[in-house]
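Engineer: A single structure is presented below for examination.
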Amino acid sequence: MCWSAEADLVAGVGVAAVGVACVTRARRVRDLPLAALPLLLGVHQMVEAAVWASGGGSGPATLAWTVMALPLLALWVPAGVLCAAPRSARRGLTVPLAAGVATAAVLAYVLATRPVRAEIRGHTIGYVVDLPHAPLLIVGYLVATVGSLLLSGDRGLRLLGILAGAGALICWASWRLEFVSTWCAFAAVCSVVLLGWVNARRAR
């Protein structure tokens, strides 16, 4: 997520504040799950600050971070997009939602039955989980999250999908190199885009 405990904590507080603004400004109940996404991402980053502080390992903070990152987001994003999408786009969103449900179910089972640990690697943290059929799960995760945004039928959410896809590629590359984690920056940018989306919906 971020390159240090301090960066995670500061970014998490900032992103969570954007999330509070999104939730309070949302005018439709159907928009609330997506409006609350920055709040979830902010809490997620603050949890990782606790992972840094504990030196990694397999403690409660590590498990909480992994649950939020894997099964929860795989289900939350496509469900939120389906709620907020125009009626004309909802039929096409059943595939990302189904991918999210299936992926989240497998990931939740894995986290309930297998150990997960965090390893501090320079300026990034590696989360080690023994995932069965990992390539298939990654595809399902991306279809559920990025795919649902791209198929949302909403210009603002499509932009968010493009940013999330690009951010995933860049963060994956930097993580593989064990250089520095940059996802917190993308989370902040995506949260601001979501705030703009909420404000546009409010204006309409």
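Engineer: How many percent of DSSP beta bridges within the chain run antiparallel, rounded to 5? Walk me through the intermediate numbers first.
Structural biologist: Numbers: 7 of 8 bridges.
Antiparallel: roughly 90 percent of the beta bridges in the chain.
Engineer: Can you tell me how region 5-88 classifies by the Cα gyration tensor, rounded, prolate or oblate, using a/c under 1.5 as the rounded cut?
Structural biologist: Details: a/c = 4.22, a/b = 1.77, b/c = 2.38.
Here region 5-88 falls in the oblate category.
Engineer: I would also like to ask the following. Using a 1.4 Å probe on the protein heavy atoms only, what accessible surface does MET68 show? Give it in Å² to the nearest 10.
Structural biologist: 30 Å²
Engineer: Could you give me the ³J(HN,Hα) list for region 48-63, computed from phi with Karplus coefficients 6.51, -1.76, 1.60 and θ = phi - 60°, whole Hz, x at Gly and Pro?
Structural biologist: Along region 48-63, the couplings run 5, 4, 5, 5, 4, 4, 7, x, x, x, 10, x, x, 5, 4, 5 Hz.
Engineer: Tell me, what is the FRET efficiency for ALA17 and VAL139 to the nearest 0.05, using R0 = 30 angstrom and their Cβ-Cβ distance as r?
Structural biologist: Computed FRET efficiency for ALA17 and VAL139 comes out at 0.35.
Engineer: Normalised by the number of residues in the chain, what is the relative contact order in percent for Cα pairs under 8 Å and 6+ residues apart?
Structural biologist: Numbers: 337 pairs, mean separation 58.2, N = 204.
Result for the chain is 29 percent.
Engineer: Using a 1.4 angstrom probe on the protein heavy atoms only, line up GLU48, GLU119 by accessible area, largest first.
Structural biologist: On the way: GLU48 0, GLU119 55 Å².
Ranked from most to least accessible, the order is GLU119, GLU48.
Engineer: Tell me, what is the 1.4 Å probe accessible area of THR94, in Å² to the nearest 10?
Structural biologist: 80 Å²
Engineer: Separate question: Using a 1.4 Å probe and counting only protein heavy atoms, arrange ARG114, ARG90 so the residue with the most accessible area comes first.
Structural biologist: Numbers: ARG114 85, ARG90 60 Å².
Largest accessible area first, the list is ARG114, ARG90.
Engineer: Rounded, prolate or oblate: which fits region 60-204 when a ≥ b ≥ c are the square roots of the eigenvalues of the alpha-carbon gyration tensor, with rounded for a/c under 1.5 and prolate only if a/b beats b/c?
Structural biologist: Values: a/c = 2.19, a/b = 1.41, b/c = 1.55.
Oblate, because a/c is 1.5 or more while a/b does not exceed b/c.
Engineer: If you roll a 1.4 Å probe over the chain with all protein chains in place, what percent of the accessible area is carbon or sulfur? Before the final figure, lay out the partial values.
Structural biologist: Working: 7130 of 9940 Å².
Ligands and nucleic acids excluded, carbon and sulfur reach 72 percent.
Engineer: In addition: Leaving ligands, DNA and RNA out of it, rank SER88, SER58 by accessible area with a 1.4 Å probe, largest first. Walk me through the numbers before you get to the answer.
Structural biologist: Numbers: SER88 110, SER58 85 Å².
From most exposed to least exposed: SER88, SER58.
Engineer: Roughly how far apart, in whole Å, are the Cα centres of region 1-80 and region 190-204?
Structural biologist: Taking the Cα centre of each part, region 1-80 and region 190-204 sit 18 Å apart.
Engineer: With viscosity set to 1.002 mPa s and temperature to 20 °C, compute the Stokes-Einstein D of region 1-147, Rh being the Kirkwood radius across alpha carbon pairs; µm²/s, no decimals. Write down the numbers at each step before the final one.
Structural biologist: Numbers: Rh = 16.1 Å.
Rounded, D is 133 µm²/s.
Engineer: Excluding GLY12 itself, calculate the net charge of residues whose Cβ lies under 11 Å from the Cβ of GLY12, where each Lys or Arg counts +1 and each Asp or Glu counts -1. Let's see the in-between values first.
Structural biologist: Details: positive: none; negative: GLU6, ASP8, GLU48.
Once positives and negatives cancel, what remains is -3.
Engineer: Another question about this same structure. Report the local net charge at MET46: Lys and Arg +1, Asp and Glu -1, summed over other residues whose C-beta lies under 15 Å from its C-beta. All intermediate terms of the calculation are to be shown ahead of the outcome.
Structural biologist: On the way: positive: none; negative: GLU6, ASP8, GLU48.
It works out to a net charge of -3.
Engineer: So what does HIS123 come to for accessible area, using a 1.4 Å probe and Å² rounded to 10?
Structural biologist: Here the residue's solvent-accessible area equals roughly 110 Å².
The values are calculated or read from the model by the stated rules, or taken from the named source; none is laboratory data. Worth saying up front: this structure is predicted, and the values here are computed from it rather than measured. Heads up, the Cβs are rebuilt from the backbone with ideal geometry, glycines too, and the neighbour counts pull from every protein chain shown. When the accessible area is computed, the model is the full protein with side chains, heavy atoms only, and any ligands, DNA or RNA have been set aside. Shrake-Rupley method; radii C 1.70, N 1.55, O 1.52, S 1.80 Å.
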